[in-house]
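Below is one structure, written out as structure tokens; comments come after it.
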Amino acid sequence: MKRKFSLYFKFLLSIYIVCIIFFLQACGLSGSVSGEAGSANTFDTEAVGENILHVASDFAYASLDPHMEYYGWYTSIYGITQTLFTIDDDYSIEPLLASSYSISDDNLTFTINIRDDVCFSNGEPLTADMVVRNLERLCEKNTRYSYMEDFSYEVTGDYTFSITTSDIYPTMINDLASPEAAIIDLDNTTDFDSAIIGTGPFVIKSFEAEGTVEVSRNENYWDGDVVLDGAVFYYMQDASSKMMAMQSGEIDVETSTTSAELSVYEADPDTYSITSVSTSRLQFYINNMNTMDEALRKAINLTIDAEEIADYLGGTTTATDGPFASSALYGAAQKESVDTTKAIQVLEAAGYVQNTDGYFEKDGEEIDLNICYYNARSLDTCAIIMQEELDAIGIKSHLSVYEDPDATYISSGDFDIALYCMIADKNADPYYFLNATLRDGSYYDVGGFDSDECEELLDELETETDTEQRAVLANRIVRIAIDSYGFGYIGHFNKITVTRDGANSFSENLPFDFYGLTKDTTL
């Protein structure tokens with residue numbers, strides 16, 4: 001039953017991709033295109049030049065204020081803003097606007113030295129006082145950083161300041177690498193929505209709220225020559241529009257590529273360069289321990305095949321054993337291999353029997369699992385494949401789709417299996433995700449998971465300052481989650497960057513989504 005359905009699914013998918021390829025090849029070489037319906041996105045021919053990069057962007061926001069919402073992600077991508085520290089492709093934290101830092105013996109005071117050669121795009125020098133005022137503004141403007149209001153800030157020199165906490169806070173430097181902690185010229189910025197002044201290699205040229213954004217070279221860039229004259233970011237969510245624009249040469253860079261597009265680009269390596277790196281955006285599911293016993297949960301986890309799901313998604317995700325990248329110190333998790341024979345044996349040993357229809361039941365009640373999901377981040381495909389895989393071993397299920405998971409099955413706990421997608425590693429540290437999903441009473445603690453050992457380890461992780469020991473604790477915590485069969489980790493989305501005409505150095509090798517233009521980006 002499973003293999004027949006799989007072949008049929010793949011057959012339909014292949015027909016769809018072939019149709020897309022022929023359609024786009026027929027249409028992709030002429031005319032300007034538009035973004036989503038209702039938001040025309042005509043290409044600016046005057047911006048086309050020898051050294052102007054054209055980029056298709058999946059998101060557009062109403063403001064450039066980096067301290068608001070998630071806007072700092074995009075001012076970072078545009079190359080306008082920078083932070084004190086940056087995250088490298090190996091998940092290490094490196095100084096950027098900062099030059100060094102030290103921590104007091106009691107682990108409560110961070111002394112940070114900033115570079116003395118940094119200036120804003122208007123030529124004004126960066127000072128410690130300006131940095132502190134930016135951090136204070138961040139915690140006022142962004143509710144996700146309101147906890148920073150409890151810290152004490154002191155300017156101790158022109159290029160030195162300190163942050164003191166009342167309790168040990170080991171992820172301070174990680175937080176200062178978050179793009180929302182961008183440093184801008186507060187004294188000379190008069191329009192925080194559309195004309196911010198940053199330290200990055202590019203400056204804002206024009207800004208259309210929820211539309212096209214243009215940047216040009218920062219002639220005062222503190223870190224050397226900037227290669228590009230500028231760049232244009234077009235708001236384009238529609239895959240066919242992006243492909244037509246790429247094929248016609250109207251854009252040079254595309255990210256968030258779909259599997260159908262990817263197959264087209266891969267077929268023409270002379271024109272397109274493709275870079276794919278696994279990111280921290282995680283697909284996972286929660287097994288409800290309140291509605292399913294351990295045997296059933298274990299059988300589910302022995303059956304769900306993350307590799308098969310990644311295969312269906314056509315290179316847009318990478319299968320995973322745990323919530324974090326295997327390249328990170330805290331990403332050493334390993335789960336049991338898929339074994340459907342063992343899954344059936346586990347069910348039978350626990351008293352489950354197959355009825356005349358081939359489905360398992362217990363005490364005369366047939367299993368019919370409620371798999372809940374929402375139509376985003378390919379969770380619909382995950383749900384369909386999971387249902388097929390479970391059906392193949394005799395576990396019956398039905399699918400329930402919701403528009404807003406947080407307002408429905410996540411808040412109510414009304415599910416057997418709950419699919420979700422979120423950033424598991426937002427700043428190169430494991431605590432955020434583990435605390436949010438495993439801590440008793442936490443936001444995603446909705447499936448009945450309960451472990452005193454896990455609580456104790458989370459308490460240790462919260463205050464542990466040694467990086468290697470943090471990794472040891474995190475790996476032990478993930479092991480507990482896996483062994484409880486309360487969670488299943490499916491895949492990390494890949495950051496796929498497609499370029500043409502020799503475009504490169506668009507931060508394509510960095511596993512985080514909030515990096516883009518650099519001084520070395522070239523065309």
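Structural remarks
- For Val346, the conditions (1) part of a loop (DSSP other than H, G, I, E, B); (2) closer than 26 Å to Val446 by Cβ; (3) in contact with a Lys or Arg (Cβ under 9 Å, 6 or more places away or on another chain) are fulfilled apart from (1).
- Scanning segment 482-523 for residues that are assigned to a loop (DSSP other than H, G, I, E, B), of a type in the set (Gly, Ala, Ser) and closer than 19 Å to Thr318 by Cβ yields a total of 1.
- Checking segment 147-154 against the condition returns no match, with no residue being in contact (Cβ under 8 Å) with a residue 40 or more places away in the chain and crowded, with 17+ Cβ neighbours inside 10 Å.
- Of all residues in segment 385-442 being assigned to a strand (DSSP E or B) and among the small types (Gly, Ala, Ser), the one that is farthest from the chain's Cα centre (by Cα): Ser397
This table checks each residue for (1) touching a Pro at 6+ places or on another chain (Cβ under 7 Å); (2) surrounded by fewer than 16 Cβ atoms within 10 Å (Cβ to Cβ).
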site: Lys141; (1), (2): no, no
site: Asp158; (1), (2): no, yes
site: Ile168; (1), (2): no, yes
site: Ile184; (1), (2): yes, no
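- Scanning segment 443-469 for residues that are out of contact with any helix residue (DSSP H, G or I) (no Cβ under 8 Å at 6 or more places or on another chain) and part of a helix (DSSP H, G or I) returns Asp452, Glu455, Glu456, Asp459, Thr463, Thr467, Glu468, Gln469.
- Looking only at segment 375-390, and only at residues there that are farther than 17 Å from Gly447 by Cβ and of a type in the set (Gly, Ala, Ser), the one that is modelled with the highest pLDDT: Ser378
- When every residue of segment 270-287 is checked against the conditions, none turns out to be assigned to a helix (DSSP H, G or I) and modelled with pLDDT under 95.
- Only residues that are part of a helix (DSSP H, G or I) and loosely packed, with under 13 Cβ neighbours inside 10 Å were counted in segment 323-343, giving 1.
- Boolean, Asn122 is part of a loop (DSSP other than H, G, I, E, B) and either in contact (Cβ under 8 Å) with a residue 60 or more places away in the chain or farther than 30 Å from Ser326 by Cβ (or both): yes
- Residue within segment 407-417 that is acidic (Asp, Glu) and touching a residue at least 40 places away in the same chain (Cβ under 8 Å) present: yes
- Hits in segment 260-302 - residues which are of a type in the set (Gly, Ala, Ser), crowded, with 21+ Cβ neighbours inside 10 Å and more than 20 Å from Pro323 (Cβ to Cβ): Ala299
Each row is one residue, and each column tells you yes or no for (1) out of contact with any strand residue (DSSP E or B) (no Cβ under 7 Å at 6 or more places or on another chain); (2) crowded, with 16+ Cβ neighbours inside 10 Å; (3) under 21 Å from Arg281 (Cα atoms).
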{"site": "Gly441", "(1), (2), (3)": "yes, no, no"}
{"site": "Asp483", "(1), (2), (3)": "yes, no, no"}
{"site": "Thr497", "(1), (2), (3)": "no, yes, yes"}
{"site": "Glu508", "(1), (2), (3)": "no, yes, yes"}
{"site": "Phe514", "(1), (2), (3)": "yes, yes, yes"}
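- Index of the failed condition, Asn355 passing every other in (1) free of Cβ contacts under 8 Å to residues at least 24 places away in the same chain; (2) crowded, with 16+ Cβ neighbours inside 10 Å; (3) among the polar types (S, T, N, Q): (2)
- Selection status of Cys372, assigned to a helix (DSSP H, G or I) and at pLDDT 95 or above: no
- Cross-chain or 6+ apart pairs with Cβ under 7 Å, segment 302-322 first and free of Cβ contacts under 8 Å to residues at least 60 places away in the same chain, then among the basic types (Lys, Arg) and outside any loop (DSSP other than H, G, I, E, B): Leu302/Lys342
- Looking across Val264, Val277, one residue alone is farther than 20 Å from Val213 by Cα and over 23 Å from the mean Cα position of the chain (by Cα). It is Val264.
The values are calculated or read from the model by the stated rules, or taken from the named source; none is laboratory data. No experiment lies behind these values; they were computed from the predicted model shown. No Cβ is skipped: glycine too gets one built from the backbone with ideal geometry, and neighbour counts run over all protein chains shown.
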